[in-house]
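Notes for the one structure printed next.
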Ligand SMILES: [Zn+2]
Ligand SMILES: [Zn+2]
């Protein structure tokens, strides 16, 4: 599995290209903006984009999804509990941004589903709390997980946006903390980390910090 990271848009969202090195099949996780950059990098490396995967439907994670669908015909996959958020443009207006073009053809993701990107398996974990339909994509054979805005290096997802819930988020993060320490964590914003590092150093997860 190869991972390329692009930081895109005004909220510095991490868009990940996850590629099977044998087939060059590639999933684009969270194309938030700058479709041209993502597409030209994929073309230059002769990658075949087969899936557009959304960790959740906030606009900064799906703003370029429509342009990618038009260029590649790859399906967009989203958890249905975020469909409402998706249909209203991912909350862009709340942040004073114009709503992105929203494609009308979206496929549903669910807990435990396995997505095959060439020979790379990504397993879906439904991890609500930041938004109702937030999911993580767990590359079980590669000890890596793409977590969107659930967990960050030294941070956790915000729960003050519509559909957010703190207790629900903490339960979702506890599920992630059951993964092995060495699991690489690729968050929706900021640097990559590991489960072990966040378990020991993330203040938001320490016993005396929780309320
Ligand atoms: Zn978000
Ligand atoms: Zn975000």
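Please go through the range 9-45 and pick out each residue that is within 16 Å of ligand 1 (Cβ to nearest atom) and within 13 Å of the chain's Cα centre (by Cα).
Going residue by residue through the range 9-45, those that are within 16 Å of ligand 1 (Cβ to nearest atom) are 9-16, 29-33.
Result: 13, 14, 15, 16, 29, 30, 31, 32.
Among the residues of the range 39-58, write down those that are farther than 26 Å from residue 81 by Cβ, buried (at least 18 other Cβ atoms within 10 Å of the Cβ) and touching a strand residue (DSSP E or B) at 6+ places or on another chain (Cβ under 7 Å). Give the derivation first.
Restricting attention to the range 39-58, the residues satisfying the condition of being farther than 26 Å from residue 81 by Cβ are 39-48.
Keeping just the survivors that are buried (at least 18 other Cβ atoms within 10 Å of the Cβ) gives 39, 42, 47.
Residues satisfying the conditions are 42, 47.
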Q) How about the range 125-175: which of its residues are more than 16 Å from ligand 2 (Cβ to nearest atom), out of contact with any strand residue (DSSP E or B) (no Cβ under 6 Å at 6 or more places or on another chain) and in a helix (DSSP H, G or I)? A) 141, 142, 166, 167, 168, 170, 171, 174, 175
Q) Do we have residue 31 as out of contact with any helix residue (DSSP H, G or I) (no Cβ under 9 Å at 6 or more places or on another chain), in a loop (DSSP other than H, G, I, E, B) and either surrounded by fewer than 19 Cβ atoms within 10 Å (Cβ to Cβ) or touching a residue at least 24 places away in the same chain (Cβ under 8 Å) (or both) here? A) no
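Being buried (at least 17 other Cβ atoms within 10 Å of the Cβ) and either within 15 Å of the chain's Cα centre (by Cα) or in contact (Cβ under 8 Å) with a residue 60 or more places away in the chain (or both) is the filter here; which residues of the range 59-80 pass it?
Within the range 59-80, the first condition is being buried (at least 17 other Cβ atoms within 10 Å of the Cβ), and the residues that meet it are 59-69, 72, 74, 76-79.
Those that are buried (at least 17 other Cβ atoms within 10 Å of the Cβ) and either within 15 Å of the chain's Cα centre (by Cα) or in contact (Cβ under 8 Å) with a residue 60 or more places away in the chain (or both): 59, 60, 61, 62, 63, 64, 65, 76, 77, 78, 79.
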Q: Quick one: count up the residues across the range 104-124 that are in a loop (DSSP other than H, G, I, E, B) and either modelled with pLDDT of 95 or more or within 16 Å of ligand 1 (Cβ to nearest atom) (or both).
A: 7
Q. In this structure, does residue 203 turn out to be over 30 Å from residue 50 (Cβ atoms) and surrounded by fewer than 13 Cβ atoms within 10 Å (Cβ to Cβ)?
A. yes
Q.
I want to confirm something. Restricting to the range 55-69 and keeping residues that are closer than 13 Å to residue 38 by Cα and assigned to a loop (DSSP other than H, G, I, E, B), which single residue is farthest from ligand 1 (Cβ to nearest atom)?
A. 64
Q: Exactly one condition in (1) surrounded by fewer than 19 Cβ atoms within 10 Å (Cβ to Cβ); (2) out of contact with any strand residue (DSSP E or B) (no Cβ under 7 Å at 6 or more places or on another chain); (3) closer than 24 Å to residue 126 by Cβ is not met by residue 1; state its number.
A: (2)
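The values are calculated or read from the model by the stated rules, or taken from the named source; none is laboratory data. Just so it is clear, the model here is predicted, and its values are computed rather than measured. When we count neighbours, we look across all protein chains shown, and the Cβ atoms used for this are built from the backbone with ideal geometry, even at glycine.
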